[in-house]
1. Having 3 or more residues that are modelled with pLDDT under 95 is the bar; report the helices (runs of 4 or more DSSP H) wholly within the stretch 1-89 that clear it.
2. Taking the conditions exactly as written (surrounded by fewer than 16 Cβ atoms within 10 Å (Cβ to Cβ), under 18 Å from the mean Cα position of the chain (by Cα), under 22 Å from Asn171 (Cα atoms) and of a type outside the set (A, V, I, L, M)), does Ser6 satisfy them or not?
3. Restricting to the stretch 37-49, give me the number of residues that are surrounded by 17 or more Cβ atoms within 10 Å (Cβ to Cβ) and either farther than 24 Å from Phe100 by Cβ or in contact with a strand residue (DSSP E or B) (Cβ under 7 Å, 6 or more places away or on another chain) (or both).
4. Across the stretch 117-158, what is the number of residues that are modelled with pLDDT under 75 and over 28 Å from Ser23 (Cα atoms)?
5. Of all residues in the stretch 93-109, how many are surrounded by 16 or more Cβ atoms within 10 Å (Cβ to Cβ) and not small (Gly, Ala, Ser)?
6. For Val112, are the conditions met, namely being hydrophobic (A, V, I, L, M, F, W, C), crowded, with 16+ Cβ neighbours inside 10 Å, within 14 Å of the chain's Cα centre (by Cα) and within 17 Å of Thr17 (Cβ to Cβ)?
7. Looking at (1) outside any loop (DSSP other than H, G, I, E, B); (2) modelled with pLDDT under 95, can you tell me which one Thr101 breaks?
8. If a residue must be assigned to a helix (DSSP H, G or I) and touching a residue at least 12 places away in the same chain (Cβ under 8 Å), how many such residues does the stretch 110-122 contain?
Amino acid sequence: MELLTSIMLTAALVVATITDLRSQRIYNWLTFPLILTGLAAHALYAGLDGLLLSGGGFALGLGVMVVPFFMGMMGAGDVKLMAGVGAWLGAQATFTAFLFTCLAGGVYAVIVLLRNLDQFKAVLANIWGTFLVTMSTHRFEYSPVATGKTMPRLCYGVAIAVGTVAAMAVNVAQTGSIMAR
């Protein structure tokens, strides 16, 4: 099961990264089969326990990404890709993958912003201004500094791929299994 999981996730993450970078989309023809095969493979391999493991990972992957999606910060393909990762890894490894994905996404965002220093300075000014207003008024009030440009869009499938592979590597190093136990 470990080998099948590694092959399926690696293949899906490579395809998702390529399509996300080329067209800023992660397609349903990739994510839905990823989710369904993860659920089915675990159910066939370990019965009800496998289905529960896979279903828990699916629910967690979907749950942690759906809030940013509803806030307009994430695409639906990113949400479904993380749900597919969860269906293959189970909840515990999916949580680790999500944490590494957040770190990879932050590094990726800084790298993209550093390509345009005016936007990077505006983002830092927004963070600092929001912090000062919050500390002085004890209310969270966001008033962005205008840059005159739209902010660059991130291909978050890249961060999901990097975070998932990092989580799998850490799990193998710690437990000898890509799915933390």
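The values are calculated or read from the model by the stated rules, or taken from the named source; none is laboratory data. Since the structure is predicted, the reported quantities are computational estimates derived from the model, not experimental observations. As a convention, Cβ positions derive from the backbone with ideal geometry for all residues, glycine included, and neighbour counts pool all protein chains shown.
1. 2-23, 28-70
2. yes
3. 1
4. Qualifying residue count, the stretch 117-158: 6.
5. Number satisfying all stated conditions: 7.
6. For Val112, the condition - hydrophobic (A, V, I, L, M, F, W, C), crowded, with 16+ Cβ neighbours inside 10 Å, within 14 Å of the chain's Cα centre (by Cα) and within 17 Å of Thr17 (Cβ to Cβ) - is not met.
7. Of everything listed in (1) outside any loop (DSSP other than H, G, I, E, B); (2) modelled with pLDDT under 95, Thr101 misses just condition (2).
8. Going through the stretch 110-122 one residue at a time, the tally reaches 5.
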